[in-house]
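Below is one structure; the comments refer to it alone.
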Amino acid sequence: MPETLTFTIKTETGRLDKVLSQLMPDESRSQIKQAIENQLVLVNQQTAKPKYQVLPGDKIVMTIPDPVALDLEPENIPLDIVYEDDDVIVVNKPAGMVVHPSPGHPNHTLVNALLYHSPLSTINGTFRPGIVHRIDKDTSGLLMVAKNDHAHQSLALQLKNKTNLREYIALVHGVIKQDTGVIDAPLGRSPKDRKRQAIVADGRHAVTHYRVLERYLNYTLISCWLETGRTHQIRVHMKSIGHPLAGDPLYGPRKTIAGSGQFLHAKKLGFKHPVSGKQLVFEAPLPDDFKKVINRLRRQTPGFQVTHTQSPDED
């Protein structure tokens, strides 16, 4: 059955398509505009055009059509499986691999590889079978995957209740002076660029904790753990305090460390097993190119000494 979403305009202003894209940060403005043109959006029970200027008190009802099935083909792509049983898979995703198919990436994704390997949960339909949470294409590291619907529901609830563990290693520009910090700032789609996320007043609650691991001449290695899992959360939050991720093509400076994308790695993942209830914690080593950059920065930093207690991976 198609889903309907209802919004009542309070303080939002501007075009209908723009306002809806802010209220629905997981949908692109072009997708919302298409839905309006397909008469799937009603304003005060009437159809409207994308350029309609919303008014306080307007009641907007948007119908989300059932997803169109993608023809997902299982592909024999090698997987770095850290753990597997009858219910869950923990996989170490390489940087550069898209997690699930989309119109722009119909194949060669992690989901295509997983489908070849094992049956997956069906809760997300044909778009994201088995996928409970995501990491960006150019982010490496650990993901938990559900092999059946019961496991999916349990893992998704743990994410919602913030009881699972997700710790990342990131290399950022600049030298962070304080040893620890918390960034609490709401995130939503950028009103200036729909490809980006930004800190917006009416965005979704987002909290990132960080701790300094190592300081170099012009960079800092940090550990981050998340209370929430918003799109591009670490990347936007660290940029907001003046320390964007090294190599980040979307949020970082042009003059940065060469690589295939942002230096961000999902190092640690913990959750309660959906059947046994046992607490499971997994770790994945830093990719080789990440370790090489760290070792180079160490050599370039006069008098560098490892002072942190939780060392990143050594060669």
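FYI, it's all coordinate maths here, none of it is from the lab. Computed from a prediction, not measured in an experiment: that's the story for all the values here. Backbone-built Cβ (ideal geometry, glycine too); neighbour counts: all protein chains shown.
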Compute the relative contact order of the chain as a whole-number percentage, counting only Cα pairs closer than 8 Å that sit 6 or more residues apart in sequence.
14
List the lysines whose alpha-carbon lies under 25 Å from that of K147, not counting same-chain residues fewer than 8 positions away?
K93, K137, K160, K162, K267, K268, K272, K278
Charge dipole of the chain about the Cα centre (unit charges at C-beta), most positive-ward option of V172, Q153, V82
V172
Pick from F263, F290, F304 the residue whose mean-square fluctuation is largest in a GNM of the chain, springs joining Cα atoms under 10 Å.
F304
With each pseudo-label sitting 7 Å past Cα toward Cβ, what's the D202-R254 distance in nm, one decimal?
3.5
Full extension between D193 and T47 adds, at 0.36 nm per residue less the Cα distance, a length in nm of 49.9 nm
Taking θ = phi - 60°, what integer Hz values does the Karplus form 6.51 cos²θ - 1.76 cosθ + 1.60 yield along the range 233-246, in sequence order, with x for Gly and Pro?
4, 5, 4, 6, 4, 5, 4, 5, 9, x, 10, x, 5, 5
How about the range 184-236: which chymotrypsin sites (Phe, Trp or Tyr not before Pro) there lie in a loop by DSSP and see at most 16 other Cβ atoms within 10 Å?
none
If the reach is capped at under 21 angstrom between alpha carbons, list the lysines near K51, excluding any in the same chain fewer than eight residues apart.
K10, K18, K33, K59, K192, K195
Going fewest to most other Cβ atoms within 10 Å around each Cβ, T301, T139 line up as T301, T139
Karplus (6.51, -1.76, 1.60) ³J(HN,Hα), θ = phi - 60°, over the range 36-52, in Hz, Gly and Pro reported as x:
4, 5, 8, 6, 8, 10, 10, 10, 6, 6, 10, 5, 9, 9, x, 7, 4
Output for the range 165-300 (equivalent-ellipsoid semi-axes, sqrt of 5λ from the C-alpha gyration tensor, Å, descending) is 23, 22, 14
Taking a point 7 angstrom from the Cα of T301 along the C-beta vector, which residues in the range 268-292 have backbone N less than 15 Å away?
291-292
Per the Debye formula with a single identical scatterer at each Cα and no solvent contribution, what log10 I(q)/I(0) holds for the range 3-64 at q = 0.25 Å⁻¹?
-1.07
Candidates per trypsin sites (Lys or Arg not before Pro) in the range 252-300, loop by DSSP, up to 13 other Cβ within 10 Å
R254, K255, K278
³J(HN,Hα), Karplus 6.51/-1.76/1.60, whole Hz, each residue of the range 112-121, x for Gly, Pro
4, 5, 5, 4, 5, 7, 7, x, 10, 4
Fewest-first sequence of K137, K51, K177, K18 by Cβ atoms within 10 Å of each Cβ:
K177, K51, K137, K18
Remind me, relative contact order of the range 81-160 in percent, using alpha carbon pairs under 8 angstrom and six or more residues apart?
35
Round to a whole angstrom and tell me the spacing of the C-alpha centers of the range 133-198 and the range 227-271.
10
